[in-house]
Amino acid sequence: MKQFKGRTAVITGAASGFGLEAARIAAREGMNVVMADVQDDALQRAAAEIGAAGAALLPCRLDVSKATEVEALGAAVVARFGAPHFVFNNAGVGSGGLIWENTLADWEWVLGVNLMGVVHGIRVFTPMMLEAARADPSFEGRIVNTASMAGLVNPPNMGVYNVSKHAVVSLTETLYQDLRLVSDQVSASVLCPFFVSTGITRSQRNRPAALAAAPLTKSQRIGQAMGDKAVGSGKVSAAMVAQQVFDALREERFYIYSHPQALGSVQTRLEDVLQSRNPSDPFAARPEVGADLRAALRAP
């Protein structure tokens with residue numbers, strides 16, 4: 001995608017983090033900006049900023065885990081701007097802890113947002129983008145789904161999140177291949193960020209009451225603290241990652257990494273698979289971190 005001016009971007013999770021930064025770039029590029037988020041007050045503040053920048057704007061409060069709400073978003077986008085050119089299925093939540101300690105509500109919440117939110121975005125927007133491509137040989141469209149480096153490796157003590165993000169990687173790789181069968185004008189990319197300060201460690205603020213969290217277990221408290229520390233010490237900003245997304249749009253690049261230096265752990269995992277060896281120690285490069293985690297979890 002080389003041209004952005006006058007085209008339409010749909011961004012979920014648009015009130016903070018990667019979504020807000022992507023909306024800022026889209027506005028600067030002269031795009032129509034559709035901003036969707038579950039947190040209404042944050043969305044209104046973000047939309048006021050993007051509107052003040054001069055962008056044609058459509059803010060929508062929605063829960064991406066709800067199929068009917070994403071379908072309503074699709075109808076509103078078509079009515080206002082027509083088929084979108086850039087769909088950023090970016091909304092996500094974080095969760096940690098030993099995998100057997102997660103409740104059914106934990107699974108339903110995390111998979112509902114991280115996986116089904118992407119599924120609904122694909123299901124709603126892909127057909128309208130393909131229809132626009134058939135009608136207009138100059139139409140260009142791209143769907144970018146936010147996964148994680150946790151979708152390419154399996155760090156311990158964060159299993160529900162890992163599962164959701166592995167599913168998004170698989171979903172997006174399949175979407176890319178399926179689109180290649182039917183169109184040269186619409187394609188897909190997957191964003192796999194590492195530790196970036198986005199507010200994801202505060203995801204519980206938007207957790208629905210119907211899926212309320214149980215009291216945190218020790219492993220979940222430890223996971224929360226480790227996540228806060230890792231995200232807080234990160235040197236890559238959400239703005240930098242959003243720019244990488246737009247660079248990938250221009251380059252028609254599928255994999256988008258915030259921290260390419262972290263790919264060594266992906267290579268190790270794939271070598272484990274190919275050589276049929278047991279999973280490697282995820283803390284091999286920093287054994288003190290693994291030792292501290294084991295000691296904390298095993299302490300009475």
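Each value in this text was obtained by applying a stated rule to the coordinates, not by laboratory testing. Quick caveat: nothing in here was measured; it's all calculated off a predicted structure. Glycine also receives a Cβ, built like all others from the backbone with ideal geometry; neighbour counts cover every protein chain displayed.
Over all directions, what mean area does the Cα convex hull of region 1-105 project, stated in square nanometres?
Average projection, Cα convex hull of region 1-105: 7.7 nm².
Please report the relative contact order for the chain, taking Cα pairs under 8 Å with a sequence separation of at least 6, and give it as a percent rounded to a whole number.
18
Take the Cα pairs of the chain, get the Kirkwood Rh, then feed it into Stokes-Einstein at 25 °C and 0.890 mPa s and tell me D in µm²/s.
My calculation gives 124 µm²/s for D.
Report, in degrees rounded to the nearest 10, the 0 to 90 angle that the Cα long axis of helix 17-28 makes with the longest principal axis of the chain.
Orientation of helix 17-28: about 20 degrees from the principal axis.
List the residues whose amide H sits under 5 Å from the amide H of Ala56, counting only those 5 or more places along or on another chain, with H placed 1.01 Å from N in the peptide plane.
For Ala56, the qualifying residues are Val33.
I'd like the orientation of helix 287-298 relative to the chain: the angle between its Cα long axis and the longest Cα principal axis, in ° from 0 to 90, rounded to 10.
Between helix and principal axis, roughly 70 degrees.
Calculate the length of the line joining the C-alpha centroid of region 69-100 to that of region 101-123, in whole Å.
So the separation of the two Cα centres works out to 12 Å.
As a test of the formula, what do you get for the chain when each DSSP H run with n ≥ 4 contributes -39,500 (n - 2.57) and the sum is divided by the residue count, at 222 nm and rounded to the nearest 500 deg cm²/dmol?
Only helices count here, giving -15500 deg cm²/dmol.
Enumerate by residue number the trypsin sites (Lys or Arg not before Pro) in region 1-96 meeting two conditions: DSSP loop (anything except H, G, I, E, B), and at most 10 other Cβ atoms within 10 Å of the site's Cβ.
Sites meeting the loop and neighbour criteria: Lys2, Lys5.
Using +1 at the Cβ of each Lys and Arg and -1 at the Cβ of each Asp and Glu in region 193-300, identify which of Gln267, Ala213, Val196 lies farthest towards the dipole's positive end.
Positive-end residue among those listed: Ala213.
Taking H as built 1.01 Å from N, whose amide H comes closer than 5 Å to the amide H of Ser189, not counting residues under 5 places away?
Correct list: Ile143, Val144, Asn145.
Number of Lys pairs in region 8-260 with C-alpha atoms less than 23 angstrom apart, excluding same-chain neighbours closer than eight positions?
The number of close lysine pairs in region 8-260 is 4.
Only four residue types carry charge here, +1 at the Cβ of Lys and Arg and -1 at the Cβ of Asp and Glu. Report the dipole size of region 8-260 about the Cα centre in Debye, rounded to the nearest 20.
Taking the Cα centre of region 8-260 as origin, the dipole is about 560 debye.
Only Cα pairs under 8 Å and at least 6 apart count here; give the relative contact order of region 1-116 as a rounded whole percent.
So the answer I get is 28 percent.
Whole angstrom only: what separates the Cα centroid of region 8-55 from the Cα centroid of region 242-300?
30
Using only Cα atoms and rounding to the nearest 10 degrees, what angle (0 to 90) does helix 40-52 make with the longest principal axis of the chain?
Helix 40-52 and the main axis of the chain meet at about 50 degrees.
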